[in-house]
1. In the list 86, 72, which residue meets the criterion of being crowded, with 18+ Cβ neighbours inside 10 Å and either under 20 Å from residue 103 (Cβ atoms) or aliphatic (A, V, I, L, M) (or both)?
2. Working only within the range 39-68, note down all residues that are among the small types (Gly, Ala, Ser) and buried (at least 18 other Cβ atoms within 10 Å of the Cβ).
Amino acid sequence: MTLLLLIGATLAYGGLAANSQAMERHYADIHGRGKEPGVIVRRLCRTCGWFGILAALAACVAASGWHTGPVLWCGMLTAAAIALTLLLQYTPRSAVRAGWIALAMAPLLAVASRLPV
């Protein structure tokens with residue numbers, strides 16, 4: 001159960017970080033002033049971001065059921081948004097890099113959660 005919550009947290013953070021790169025302001029923070037994401041990059045970031053957010057909901061529901069899972073998901077999204085906001089202010093490149101790593105690590109954590117302990 002706790003590993004599912006960790007998966008949900010990483011997916012929430014990664015999804016929000018990917019969605020932030022679809023915005024011109026945050027994209028310019030990483031790639032230089034005046035740069036805008038292309039249409040393909042914007043769609044890819046939004047798709048990955050929403051996939052991460054919805055997969056975080058699935059992980060929270062799998063961990064806690066439908067009664068408390070969505071509430072837990074809202075809390076994780078809030079915590080991930082606060083962490084991402086603070087990191088985007090001070091180290092924007094690290095914040096986005098951590099988001100992509102989180103999205104890549106979530107399937108590995110899911111596989112690890114199925115292994116017998």
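1. On the way: 86 fails: crowded, with 18+ Cβ neighbours inside 10 Å.
Checking each option against the conditions leaves just 72.
2. Once the filter is applied, which keeps residues that are among the small types (Gly, Ala, Ser) and buried (at least 18 other Cβ atoms within 10 Å of the Cβ), the range 39-68 yields 49, 52, 55, 56, 59, 63, 64.
Residue-by-condition table, conditions (1) more than 21 Å from residue 87 (Cα to Cα); (2) modelled with pLDDT under 90; (3) out of contact with any Phe, Trp or Tyr (no Cβ under 7 Å at 6 or more places or on another chain):
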position	(1), (2), (3)
12	no, no, yes
22	no, yes, yes
35	no, yes, no
50	no, no, yes
57	yes, no, no
62	yes, yes, yes
66	yes, no, yes
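The values are calculated or read from the model by the stated rules, or taken from the named source; none is laboratory data. None of the values given here were measured: they were computed from a predicted structure. For neighbour counting, all protein chains shown are included, and Cβ atoms are generated from backbone atoms with ideal geometry for every residue, glycine included.
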